[in-house]
Amino acid sequence: MASPRLMSCVLALATLTLGACSSPAPTPEGGSSSVSGVAGGTGGDPGTASASPGASALTPEAYKAELDGRHKPMAAAISALAGARGVKALDQRVTKAEEALAGAAESLAALAPPAEVRTQHDAYVTSLQDFVTALGTTSGKVGARALCTSSAVLADLNAKLKALDEAGEALQKAGGYPADVVDVKAVRKQTRRLGNGSFVRKGSFGGRSSLEIDNGAPRDAVVTVMRGRSKAFSVYVRRKATFKVKGVRDGSYKIYFTHGVDWDGRSKAFTRECSFERFQKSVTFRTTVTATQIRWHDWRVTLHAITGGNARTAPVDPGSFPG
């Protein structure tokens, strides 16, 4: 029996039809199919309420009790914000932190502290109010997906967070008052990137097919390919670059992709300017062996709009995106 000849095939996603093709070449040569798609605040003012000039100053014990009752909720709100995982949780925790600290700022501004710490108290309340205003602005950025991780939020709040930390420490040192509510460290704004074609998750390869990814968008991307509920692989493709994944095994796959800036390898997410999408149709890789031929499918996807694109994309809820 003659050895089977190797050939590649052309598959168009829109019609799912296979073109006739053949090749007598002794080594595999993949054909190329092409699919493409379109990848796709303001804060409130807590006010400046202050104690009436004629109000009687609290005793150190009473003032300490007032601060103590608000210390734990404020510290917990900031810590919860710093520990948020995922865009949805981050959005919720920024809002909760803003509400919790705004209430505390309003209550503390109405107090008459002991005379010896009046200066430190006023500075602390002012820093708290400034931080609440900044949280309101940051909340809008999270909602617009300009900020996507807790580290990005902390970097955005860096100056106000540091000022609140210093004001709390000053009040605490002045009389042992529980005012140091910042237990997290602000971080610098970063722009981290992986090399083009770096695998975030490298799956099991060994098939004949390939998937070429063209990211002509202005932001880097991570493409995640799912087979059923299992993640086949995830690969990093830099902006204005392409990468071909070789050895894709036969099967039907869904393709998801996220664009963004500053890749956080620990959380496996972009920290800023993030978006989440998927191709609406699955792609199928299939190898067919006959007595005279071997046929297989190669695919090429673009993550940006092109003329003649034949595959639609759809936004994905961040909580449903395969991480």
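Observations on the structure shown:
- Calculated accessible area for region 56-104 comes out at 52 Å² per residue, all protein chains present (probe 1.4 Å; ligands, DNA, RNA ignored).
- Here r is the Cβ-Cβ distance between Phe205 and Val316 and R0 is 25 Å; the resulting FRET efficiency, rounded to 0.05, is 0.50.
- Normalised by the number of residues in region 176-323, the mean separation of alpha-carbon contacts (under 8 Å, six or more apart) gives a relative contact order of 24 percent.
- Spin-label model distance (nm) - Lys173 vs Thr287, 7 Å beyond Cα toward Cβ: 6.9
- Calculated FRET value between Ser56 and Lys96, using beta carbons and R₀ = 41 Å, to 0.05: 0.75
- Note on Lys185/Arg266: beta-carbon distance plugged into 1/(1 + (r/R0)^6) with R0 of 22 Å gives a FRET efficiency of 0.90.
- Under 23 Å between alpha carbons - lysine pairs in region 188-244 that sit 8 or more apart or on different chains: 4
- Using θ = phi - 60° in the Karplus curve 6.51 cos²θ - 1.76 cosθ + 1.60, the 3J(HN,Hα) couplings for region 101-116 round to 6, 5, x, 5, 4, 5, 5, 5, 5, 7, 7, 10, x, x, 4, 5 Hz; x is entered for Gly and Pro.
- Residue separation of Glu166 and Lys246 scaled by 0.36 nm, minus their Cα-Cα distance, works out to 23.4 nm of gained length.
- Lysine pair count for region 60-167 [Cα-Cα under 22 Å; pairs on different chains or 8 or more apart]: 11
- Gained length - Arg192 relative to Thr137, 0.36 nm times residue gap less alpha-carbon distance: 17.4 nm
- Given charges at Cβ of Lys, Arg, Asp, Glu: region 68-182 dipole, positive-most of Ala115, Thr149, Pro73: Thr149
- Burial ranking of peptide ranges 277-290, 231-244 (average Cβ count within 10 Å, highest at the top): 231-244, 277-290
The values are calculated or read from the model by the stated rules, or taken from the named source; none is laboratory data. As the structure is a prediction and not an experimental result, all values here were calculated from the model. For neighbour counting, all protein chains shown are included, and Cβ atoms are generated from backbone atoms with ideal geometry for every residue, glycine included. Accessible surface is based on the protein model in full, side chains and every heavy atom, while ligands, DNA and RNA are left aside. Shrake-Rupley method; radii C 1.70, N 1.55, O 1.52, S 1.80 Å.
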